[in-house]
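Asks: Below is the structure I would like to discuss, written out as structure tokens.
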Amino acid sequence: MNEPEDLGQVTGSMDPQDQNQAGGAFTDTGARHHEPDARSTNLENGTSFSIAVDAQASAFVATKDGVEFGAVPFADKNGRVTLLATSILPDYRGQGLATELTRRVLDSIRAEGKSATVRCPVFRSFIERNPEYAAMVDIPGDGRDGRGDV
């Protein structure tokens, strides 16, 4: 896969503590697997894609027509998943894919019975627009519950 490029100013960055924790696997298989809802997501414009967890890279990976176009790196510790950044290849931006990827990642975390800490501005913005996800996430610095970072 070509390395996904950052979304410029709207991506999060990984600090050294997160880099150390990113080695924890979201799944115990140690390999990429498709989410339990393995069917592709169909967007309103007819576009579809699938997501999988790449446990070795500690990232959710989005694929469309055989191209891995997006990724969300994470750190998983004690049932809390820290979402670090969102990357989408330039040719795939502006199609609603990042929004749907964000939704699918949060739905997957919820289905696993886990909660999330959000460091990525893309996820922060999504949660502001979709408050039904607010109860499952912490956003460092928002003062909601003090659990903070992983």
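The values are calculated or read from the model by the stated rules, or taken from the named source; none is laboratory data. Everything quoted here is computed from the prediction, not taken from an experiment. Glycine gets a Cβ as well: all are built from the backbone with ideal geometry, and neighbour counts include every protein chain shown.
Asks: Which residues, taken from the range 93-110, are touching an Asp or Glu at 6+ places or on another chain (Cβ under 8 Å) and assigned to a helix (DSSP H, G or I)? It would help to see each step written out before you state the result.
Replies: Residues of the range 93-110 touching an Asp or Glu at 6+ places or on another chain (Cβ under 8 Å): 96, 104, 107-108.
Within the range 93-110, Arg104, Asp107, Ser108 meet the criteria.
Asks: Considering each residue of the range 111-124, count those that are of a type outside the set (Lys, Arg) and either part of a helix (DSSP H, G or I) or closer than 12 Å to Val72 by Cβ (or both), and give that number. Full working, then the answer.
Replies: If we filter the range 111-124 for residues that are of a type outside the set (Lys, Arg), which is where we start, we get 111-113, 115-118, 120-123.
Filter once more, keeping what is either part of a helix (DSSP H, G or I) or closer than 12 Å to Val72 by Cβ (or both): 111, 116, 118, 120-123.
Residues in the range 111-124 being of a type outside the set (Lys, Arg) and either part of a helix (DSSP H, G or I) or closer than 12 Å to Val72 by Cβ (or both): 7 in total.
Asks: While we're looking at this one, here's another question. What pairs come out if I take residues in the range 81-96 that are surrounded by fewer than 22 Cβ atoms within 10 Å (Cβ to Cβ) and at pLDDT below 95 and pair them with residues that are of a type in the set (Ser, Thr, Tyr) and in a helix (DSSP H, G or I) whose C-beta lies under 6 Å away, six or more apart or interchain?
Replies: none
Asks: Among the residues of the range 74-114, how many are more than 13 Å from the chain's Cα centre (by Cα) and among the hydroxyl-bearing types (Ser, Thr, Tyr)?
Replies: Count: 1.
Asks: Take the range 35-56 and flag every residue that is surrounded by 16 or more Cβ atoms within 10 Å (Cβ to Cβ) and at pLDDT 90 or above. So that I can check it myself, show each step before the final result.
Replies: Here is the first cut: in the range 35-56, the residues surrounded by 16 or more Cβ atoms within 10 Å (Cβ to Cβ) are 35, 41, 47, 49-55.
The answer is Phe49, Ser50, Ile51, Ala52, Val53, Asp54, Ala55.
Asks: Still on this structure, I have one more. Look through the range 115-124, keep the residues that are free of Cβ contacts under 8 Å to residues at least 40 places away in the same chain and under 19 Å from Ala71 (Cβ atoms), and return whichever of them is surrounded by the most Cβ atoms within 10 Å (Cβ to Cβ).
Replies: Here is the first cut: in the range 115-124, the residues free of Cβ contacts under 8 Å to residues at least 40 places away in the same chain are 115-118, 124.
Now restrict to residues that are under 19 Å from Ala71 (Cβ atoms): 116-118, 124.
Values: Ala116: 23, Thr117: 21, Val118: 25, Arg124: 17.
The selected residue is Val118.
Asks: Next question. Return only the number of the condition from (1) at pLDDT 95 or above; (2) assigned to a loop (DSSP other than H, G, I, E, B) that Ile127 does not satisfy.
Replies: Going through the list (1) at pLDDT 95 or above; (2) assigned to a loop (DSSP other than H, G, I, E, B), Ile127 breaks only (2).
Asks: When you look at Arg103, is it within 20 Å of Ile139 (Cα to Cα) and free of Cβ contacts under 8 Å to residues at least 40 places away in the same chain, yes or no? Spell out how you get there, then give the answer.
Replies: Values: within 20 Å of Ile139 (Cα to Cα): yes; free of Cβ contacts under 8 Å to residues at least 40 places away in the same chain: yes.
Against the criterion (within 20 Å of Ile139 (Cα to Cα) and free of Cβ contacts under 8 Å to residues at least 40 places away in the same chain), Arg103 qualifies.
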